[in-house]
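Structure first, commentary second.
Only the coordinates and a few stated rules stand behind these numbers; no lab work does. Values in this document were obtained by computation on a predicted structure and should not be read as measured data. Because the Cβ atoms are built from the backbone with ideal geometry, glycine has one as well, and the counts that use them run over all protein chains shown.
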Amino acid sequence: MPEGKVPILSSKSGYINTQQILSPHGGCLTVLENNLVLPFHLERVYCISGLNEHTPERGRHAHHTLWQIMTSVSGSCDVVLDDGCTVQTIRILPDGWSILLGPLLWHSMKNFSRECVLMVGASDIYREEDYIRDYSAFLAAAGKNRK
Ligand code: T46
C-alpha cells in the first residue's frame with residue numbers, strides 16, 4: 001500500500017507502481033509494459049486528453065470482462081470506483097501510482113485539472129459489447145457475480 005494514499009477497497013482494483021522516470025534530458029517518462037505486475041496482458045493503449053476543469057464527468061460504465069490500468073501522465077482527476085457494494089473516490093496524480101480497473105467495476109472520472117492527460121492500458125481491443133452503460137444492469141451483473 002503506497003504511503004499517504006487512500007486504500008482502495010473495491011474488489012478487482014488497487015494501486016500498481018508504474019514509476020515515472022525522470023529523463024536526464026529533462027521531462028518525464030510514463031511506461032506501461034507487460035513486465036509490470038499486472039493481472040492481464042496489455043492488448044491496447046489509449047490516452048484521454050484535452051481535459052480541463054470544465055470537462056464533464058466521463059466513464060460512468062463498467063466492463064463485463066475488460067481489465068485496465070489507468071495512469072495520469074499529466075494533471076490529476078478523481079476516479080470514482082463502485083463495485084456494487086462500496087463506492088469510493090480516489091485522486092489520481094502523475095506520481096507513478098496507477099489504478100487497476102477490473103471487470104464489473106463501475107467507474108467514472110471527474111474534477112479534472114487543467115491539461116490532465118490519462119493513459120489507459122487494456123486487456124483487449126475495443127468492443128462496445130463489453131460495456132455496461134446502464135447502472136441497474138451493472139448492479140444486477142455485479143450481484144450475480146458475487147453469488
Ligand atoms: C474506460 C474509461 C476509463 C473507440 O472507438 N476505441 C477505444 O479504444 C475507446 C476507449 C473508445 N472508443 C470510442 C467510443 C466512443 O464513441 O471513443 C468514444 C469515447 O469513448 P467513451 O465515451 O467510452 O470514453 P470514456 O472516457 O467515457 O471511457 C473510456 C473508455 O471507453 C472506457 O473503456 O474504461 O475510458
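Summary of computed values
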| read-out | value |
| --- | --- |
| By average C-beta atoms within 10 angstrom, highest first, the peptides 26-36, 118-128, 103-113 | 103-113, 118-128, 26-36 |
| Cα centroid separation, region 77-144 to region 1-76 (Å) | 10 |
| Qualifying aspartates and glutamates (Cα of each under 19 Å from Cα of K144; at least 8 residues distant if same chain) | D82, D83, E129, D130, D134 |
| Angle in degrees between helix 135-146 and the longest Cα principal axis of the chain, rounded to the nearest 10 | 80 |
| Ranked packing of 81-91, 53-63, most packed first, by mean Cβ within 10 Å | 81-91, 53-63 |
| Length gained when the stretch N145-H54 is fully extended (0.36 nm per residue, less Cα-Cα span) | 29.2 nm |
| Computed FRET value (nearest 0.05) for I125 with K12, which takes r as the C-beta separation and R₀ as 22 Å | 0.60 |
| Three-way shape call for region 65-147 based on the alpha-carbon gyration tensor, with the a/c threshold at 1.5 | prolate |
| Additional length obtainable on full extension of the chain from S108 to D134, 0.36 nm per residue less Cα span | 8.1 nm |
| Prolate/oblate/rounded call for region 1-61, Cα gyration tensor, a/c under 1.5 rounded | rounded |
| Net charge over other residues, Cβ less than 14 angstrom from the Cβ of N17 (K, R count +1; D, E count -1) | -2 |
| Stokes-Einstein D (µm²/s) once Rh is taken as the Kirkwood radius of region 6-147 over alpha-carbon pairs, at 4 °C in 1.567 mPa s | 84 |
